[in-house]
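Shown next, in structure tokens, is the structure this report addresses.
Rule-based calculations on the coordinates, nothing more; no lab input. Fair warning: this is a prediction, and the values are worked out from it, not measured in the lab. Neighbour counts run over all protein chains shown; Cβ positions are idealised from the backbone, glycine included.
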Amino acid sequence: MSAISRSIALAGLAWTLLGGASPVGRLEVDVDNLRSAKGVIQLCLTSDPTNFPNCVDDARALRRTVPAASKSVRFDALPVGGYAIAVIHDENANSKLDTLMGIPREGFGFSRNPAIHFGPPKFGAARFTLEAGGSMQDIRMKYLL
């Protein structure tokens, strides 16, 4: 095989590999309406409807914990596609959503800010599509107590 033939074959292989790469995007999440800057904000980003909103048993879920004062989180190089986000304002930083007789005592929110009735929304109500150019989600926190 000549040097030119080898170069053409390698270029073709590189084009095939690059063409098969999954597009990625950046996700910016802003959390609004926090009642205080105490504690932390816990976010869970998932593409798995069966593990929303708790993200348990979801090895591919991305979790972030940031100080409540920061109010924003960025996820880089995510594969494009459908996702949903669940957020809690863990004011006492005990790594859980505190409740009183099943009613959340701390703040919570979801991507696309769906209406809350009895219990958390379904994945479809919070689902958004991350495009290759990136996406922004503004999540408004809700407090019941």
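Taking 7 Å steps out from each Cα toward its Cβ at residue 48 and residue 101 produces label points 3.5 nm apart. Just add up the charged neighbours of residue 39: K/R +1, D/E -1, any other residue whose Cβ is under 15 Å from the Cβ of residue 39. Summing Lys/Arg as +1 and Asp/Glu as -1 gives +2. Computed over neighbours whose Cβ is under 10 Å from that of residue 75, the net charge equals +1, Lys and Arg +1, Asp and Glu -1. Both radii come from the Cα set of the chain: Rg as radius of gyration, Rh as Kirkwood radius; their ratio Rg/Rh reads 1.18. The value of relative contact order for the range 23-140, using C-alpha pairs under 8 Å at least six residues apart, is 37 percent. Our helix-only sum for the chain, with -39,500 (n - 2.57) per DSSP H run of n ≥ 4 divided by its residues, gives a mean residue ellipticity at 222 nm of -4500 deg cm²/dmol. The residues neighbouring residue 104, those whose beta-carbon lies less than 13 Å from its own, together hold a net charge of 0 under the Lys/Arg +1, Asp/Glu -1 convention.
To the nearest 10 degrees, how steep is helix 3-19 against the longest Cα principal axis of the chain, on a 0 to 90 scale? Once rounded, one gets 20 degrees. Computed about the Cα centre, the dipole magnitude for the range 23-140 is approximately 100 debye when only Lys and Arg (+1) and Asp and Glu (-1) carry charge, each at its Cβ.
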